[in-house]
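See below for the structure under consideration.
The values are calculated or read from the model by the stated rules, or taken from the named source; none is laboratory data. Quantities reported herein were computed from a predicted structural model and do not represent experimental measurements. Ideal geometry is used to build each Cβ from the backbone, glycine not excepted, and the neighbour counts take in all protein chains shown.
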Amino acid sequence: MIYSRNNIFSGTDYALNNYHTSQLLDMDFDNLWNNSIKELVRWDSLRLATLDDYQSHTGQEVNGISSDPGFGNPDKGDYSLISGSSSIDRGEVVTGINNDYNGSAPDLGAFEH
């Protein structure tokens, strides 16, 4: 089983591309974002255009979002979140991992704003 919480999947082809759909996944409280093509997720041979499509087809990301993550300067490797980012305070507390967060909830991604 693969668990995914509080991550940002931002792709230039798809936010998520899964060819091994028999692998058990538990994904929630993540941000799936892609602004370069029409489909957000490729799930085996299915191309799912929106987060709603992904949620209804797989049951994943019930509390997930799909919006521009608001990275500082990704072209220069800065993946910190800018003020006003939709990824701020959108995560789930994972005991022993992100107990020390700012705001009302943990932020999504690698860096707490």
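Per-residue answers, yes or no, for (1) touching an Asp or Glu at 6+ places or on another chain (Cβ under 9 Å); (2) among the small types (Gly, Ala, Ser); (3) modelled with pLDDT of 95 or more:
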{"site": "2", "(1), (2), (3)": "yes, no, no"}
{"site": "5", "(1), (2), (3)": "yes, no, yes"}
{"site": "9", "(1), (2), (3)": "yes, no, yes"}
{"site": "14", "(1), (2), (3)": "yes, no, no"}
{"site": "17", "(1), (2), (3)": "no, no, no"}
{"site": "20", "(1), (2), (3)": "yes, no, no"}
{"site": "23", "(1), (2), (3)": "no, no, no"}
{"site": "27", "(1), (2), (3)": "yes, no, yes"}
{"site": "30", "(1), (2), (3)": "yes, no, yes"}
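Conditions tested, residue by residue: (1) more than 13 Å from residue 28 (Cβ to Cβ); (2) touching a helix residue (DSSP H, G or I) at 6+ places or on another chain (Cβ under 9 Å); (3) at pLDDT below 95.
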{"position": "55", "(1), (2), (3)": "no, no, no"}
{"position": "72", "(1), (2), (3)": "yes, no, no"}
{"position": "80", "(1), (2), (3)": "yes, no, no"}
{"position": "84", "(1), (2), (3)": "yes, no, no"}
{"position": "100", "(1), (2), (3)": "yes, no, yes"}
{"position": "107", "(1), (2), (3)": "yes, no, no"}
Tally, over region 13-39, of residues that are in contact (Cβ under 8 Å) with a residue 40 or more places away in the chain and either among the aliphatic types (A, V, I, L, M) or surrounded by 19 or more Cβ atoms within 10 Å (Cβ to Cβ) (or both): 4
Within region 92-112, count every residue that is within 13 Å of residue 81 (Cα to Cα), surrounded by 14 or more Cβ atoms within 10 Å (Cβ to Cβ) and out of contact with any His (no Cβ under 7 Å at 6 or more places or on another chain). 4
Of the residues in region 1-48, those that are under 14 Å from the mean Cα position of the chain (by Cα), within 27 Å of residue 98 (Cα to Cα) and assigned to a loop (DSSP other than H, G, I, E, B) come to 6, 7, 11, 15, 29, 30, 34
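Of all residues in region 78-92, count the ones that are among the hydrophobic types (A, V, I, L, M, F, W, C) and farther than 18 Å from residue 5 by Cα. Show your work before the answer.
Filtering region 78-92 for residues among the hydrophobic types (A, V, I, L, M, F, W, C) gives 81-82, 88.
Add one more test, that the residue is farther than 18 Å from residue 5 by Cα, and what stays is 82.
Adding up the residues that qualify gives 1.
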Filter region 48-69 down to residues that are buried (at least 20 other Cβ atoms within 10 Å of the Cβ) and of a type in the set (Gly, Ala, Ser) and give me whichever is nearest to residue 86 (Cα to Cα). 66
